[in-house]
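**Student:** One structure, pasted below without further comment.
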Amino acid sequence: MYKHELRDQLQLDVSRVELFSLREIEQEVKTTSADVVLAMTSFTEDPAQLAAMYQRLYERPRRPKLVYLDYFAQTASPYFGILPFVDRYVKRQVLKHRAEYQTELRGGYIFADWFSRKYDYDLGGWNFGSTLDPRYADRLVKGWSLGVRTEYRRTVAAQRFIGKKLRSRKYDINARLGLQKRPEREWYEVYREHSQRAVEALRGRFALTPTERVSYWRYLRELNDSKIIFSPFGWGELCYRDYEAVSWGALLMKPSMAHVDVSPNIFIEGETYVPLEWDSTDLADKVAYWLTATEKAETIAVAARKKLHEYFEKGGFVADVKRTLADL
């Protein structure tokens, strides 16, 4: 999406290589002529093996700069052990207070820890975390989020001209949270079921969409016809639904993101979204209030859409890349 801007403004030529194992990644890094290598791996890789690979590469006398690109959904990561062996660790969203990465948490993750304690829930050994050695904390940097997609860029641009005002939309709340019934559920699915029940309790009092899964195009039409889009946490704090809500001009209502540092940042409380308690106990009251405060709700929805539009059109991504690769 920004190939020409990266070349013209930052003198960067970028190419993508698809590989299928750590061994292939290691061989590619050894033979590449690139100045910088950004590598993404599966969340299933063994942390010790990943660290061992990076250590071998880091200790080579002539090597490219090594950047690990962490696209995982959580603000946590099991791979901070590679920090001594990379020049930069880029994560698509991070905790605002980096010192919190030195805290031992249930599941290794701030949200899983909260959920486990709040509902006395056994995570069953699930863990997606590691502690951050403060000696290498400066190597952990915020990158760009899952909101940087061509689809959202096009939608938010079009909505500036053809978007519906909130008062003219059919549904008060979009209630399609994408739950799938499975015999064995992950802890976050249990959380989202709690969230679904909180929304369903409002049916009859407010106009809600149905909840069953539908085609993608019908889903998009409903986004364009929804005043409020409730977006609970999933595997991680951010969801595609957050950026869908903003790009389609709805009022985003979401558990508080006050602990998250992310770009593009559409999570400014009371300015670009409406924060909720993590257990959604205030959902009903806030829905009732914001459906009557129509002008204020419209102002927030427009501000969020404008912020996302400006990110796409006024150099937001290029600035993120420049900051991410600074001094490399």
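Nothing in this text is a laboratory measurement; each read-out follows from the coordinates by a stated rule. These numbers come from a predicted model, not from an experiment. Note that each Cβ is placed from the backbone with ideal geometry, even for glycine, and that neighbours are counted across all protein chains shown.
**Student:** So what's the back-of-envelope 222 nm ellipticity for the chain, counting only DSSP H runs of four-plus at -39500 (n - 2.57) apiece and dividing by all residues, rounded to 500?
**Tutor:** -11000 deg cm²/dmol
**Student:** Okay, next question. According to the square roots a ≥ b ≥ c of the eigenvalues of the Cα gyration tensor, what is the shape class of the stretch 17-174, taking rounded for a/c under 1.5, prolate for a/b larger than b/c otherwise, and oblate for the remainder?
**Tutor:** oblate
**Student:** What FRET efficiency, computed as 1/(1 + (r/R0)^6) with R0 = 41 Å and r the Cβ-Cβ distance, is obtained for THR281 and GLU151, rounded to the nearest 0.05?
**Tutor:** Step by step, r from the Cβ atoms, then E = 0.80.
**Student:** Now a separate question. What shape does the stretch 125-216 have by the C-alpha gyration tensor, where a ≥ b ≥ c are the square roots of the eigenvalues, rounded means a/c under 1.5, and otherwise prolate means a/b greater than b/c and oblate the rest?
**Tutor:** oblate
**Student:** Within 10 Å of each residue's Cβ, count the other Cβ atoms and sort MET257, MET1 from fewest upward.
**Tutor:** MET1, MET257
**Student:** Quick one: Cα centre-to-centre distance for the stretch 293-319 and the stretch 174-220, in angstrom?
**Tutor:** 26
**Student:** Another one. Take the alpha carbon gyration tensor of the stretch 150-313, find the square roots of its eigenvalues, order them as a ≥ b ≥ c, and report rounded if a/c is under 1.5; if not, report prolate when a/b exceeds b/c, else oblate.
**Tutor:** In terms of gyration-tensor shape, rounded.
**Student:** Turning to a different aspect of this structure: What's the exposure ranking of THR324, THR75, going from fewest to most Cβ atoms within 10 Å?
**Tutor:** Ranked by crowding around the Cβ, least crowded first: THR324, THR75.
**Student:** Which net charge results for the neighbourhood of TRP126, defined as the other residues with beta-carbon distances under 10 angstrom from its beta-carbon, given Lys and Arg at +1 and Asp and Glu at -1?
**Tutor:** -1
**Student:** Could you sort the peptides 290-299, 304-313 by per-residue average Cβ neighbour count (10 Å cutoff), highest mean leading?
**Tutor:** 304-313, 290-299
**Student:** Would you mind checking LYS227/LYS314; LYS254/LYS306; LYS96/LYS254; LYS227/LYS286 for any pair whose Cα atoms are more than 23 angstrom apart?
**Tutor:** Distance filter (> 23 Å) returns LYS227/LYS314.
**Student:** In which sequence would ASP13, ASP225 go, from the one with the fewest C-beta neighbours within 10 Å to the one with the most?
**Tutor:** ASP13, ASP225
**Student:** Now for a different question. Calculate one ³J(HN,Hα) per residue across the stretch 119-124 by plugging θ = phi - 60° into the Karplus curve 6.51 cos²θ - 1.76 cosθ + 1.60, and present them in order as whole Hz with x for glycine and proline.
**Tutor:** Rounded to whole hertz, the list is 10, 6, 9, 7, 6, x.
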